[in-house]
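So that we are looking at the same thing, I have put the structure below in structure tokens.
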Amino acid sequence: MAVPRSRSTYGAVLAAVGALLVGCGPPDRPATPTAPAPPPGGGFHTADCNGVTDADVNKAAGSSLFTKVVVSDAGCFWQENTVLGTFGVGMGISTWWYRGSDMDTERSLEQQAGRTLTELSLDGNKGFKAYDANACSIYVAKGGDVITWSIQTMNPAMLPDLCTITGQLAELSQQRVN
Amino acid sequence: MRWRVKQVAVVAVTAVVTVAGCSQTVSGTARRAQFAVPDPNRSYGYVNDRCGLLVDSAVQQAIGADHIARPYSGAVCQYVLARGSGPDVGAAAPPAMIDVTFSWYETGSLDRERALAVERGATVTEKVIERHQAFLARRDTTGAACSATAAAGTGVLSWWVQYRGQHNGDPCKDAEKLLTATLKSDM
């Protein structure tokens, strides 16, 4: 960890330099040799909800039990319609796209959560699934990226096999963004 | 990563000597992060039940919500918050739902995040937040929504806030508040 005291010093120096450089016109090249943006070429293609539609979710889950309530640059979330007030919020199907992350970090978190882990391969990309009676998550990695598909429910008896649901969605997603 | 800081310092001194002769008063803050983030060694990963270094109660307080749930935790953390639910509200009044996600991409980059936000049609505003180069990206999808994203540590982190099903209000303010809280807890 860096020494906190030195941070403000560097910050002040750099701010001053920044001002001076702007005064003389923009520098032709960045002052540091490190490239600011690693090319996303090694990762997944971009699509809202990692390429999966409401119709895909309904098909995989068997019926209209879920409503899409989140569409963000990180991913999407379809909430289970059984939510009552704040009871059951968070139950549903989610997908997230980690643009520069280590899949092993998620692997150890799933292990700590006590889930059963199985290695898998989807569309040529390596991954794993982690499941218990009420949840099943699938992680697939490509380049420095990871895409996850998860279901979490308090009503597994109402649904098809949880890993079959996320497995189908992960497969569709890979076909579209891999 | 420590060596990078030293290298930047050397470059900085050289630059002062070279260009001091043509100085004029211009705001240079936007240039700063092009040199380095102030916390190159920092990780903002999920640890000790905290996402972006914040405990759930801090997130709840920043949003001003009565209820918080965190159904998903990891490099991405998902929260669902509710305002106005509870015994003092009529049973017929549904709570206002607020969705929040936190993302920590340890090998991600601000440029990639910005390009993606622009491609998806967000209105992007550049900012410097707590000495970190950052941007706000407003894009309404399933509600009024905005992300606040900063280059930090080894990668990039982002807070996204949505007023679910609503089309007014300023979620950028809340997103920036959360990002500031995360970056401040680093100081």
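Just so it is clear, none of the values below were taken in a lab; they were calculated from the coordinates. Treat the numbers as computed from the prediction; the structure is a model and nothing was measured. Ideal geometry is used to build each Cβ from the backbone, glycine not excepted, and the neighbour counts take in all protein chains shown.
Compute the signed sum of charges (Lys and Arg +1, Asp and Glu -1) over the other residues within less than 12 Å, Cβ to Cβ, of residue B:115.
Summing Lys/Arg as +1 and Asp/Glu as -1 gives 0.
Also, quick follow-up: Checking the cross-link filter: which lysines have an alpha carbon closer than 20 Å to that of residue A:59, excluding same-chain neighbours under 8 positions apart?
Partners found: A:68.
Residue B:173 versus residue B:120, label points 7 Å from Cα toward the beta carbon: distance in nm?
2.4 nm
Using per-residue counts of other Cβ atoms within 10 Å, averaged over each peptide, order A:87-93, A:102-108 from highest down.
Result, highest mean first: A:87-93, A:102-108.
List the aspartates and glutamates whose alpha-carbon lies under 20 Å from that of residue A:142, not counting same-chain residues fewer than 8 positions away?
Correct list for residue A:142: A:48, A:73, A:102, A:104, A:106, A:110, A:119, A:123, A:171, B:106, B:111, B:113.
Can you check what the net charge comes to around residue B:155, using other residues whose Cβ is under 13 Å from the Cβ of residue B:155 (Lys, Arg +1; Asp, Glu -1)?
For residues surrounding residue B:155, the net value is -3.
Still on this structure, please answer the following. Counting only other chains, and only Cβ atoms inside 10 Å, what mean value do you get across the residues of A:165-176?
So the per-residue partner count for this stretch is 0.
Something else about it: From Cα pairs below 8 angstrom and at least 6 apart in sequence, can you work out the relative contact order of the range B:108-174, rounded to a whole percent?
Averaging sequence separation for qualifying contacts and normalising by length gives 27 percent for the range B:108-174.
Quantify how strongly other chains surround peptide B:54-63 by giving the mean number of their Cβ atoms within 10 Å of each of its Cβ atoms.
Per residue, the number of nearby Cβ atoms from other chains is 0 on average.
Can you spot the lysines whose alpha carbon is less than 19 Å from residue B:127's alpha carbon? Ignore those fewer than 8 places along the same chain.
Cross-link targets: B:173, B:177, B:184.
Still on this structure, please answer the following. Under a point spin-label approximation (7 Å from Cα along Cα-to-Cβ), what is the residue B:185-residue A:84 distance to one decimal in nm?
So the two model labels end up 3.4 nm from each other.
Let me ask another. Residues of A:99-107, mean number of Cβ from any other protein chain within 10 Å of their own Cβ, rounded to a whole number?
Rounded to a whole number, the mean comes out at 6.
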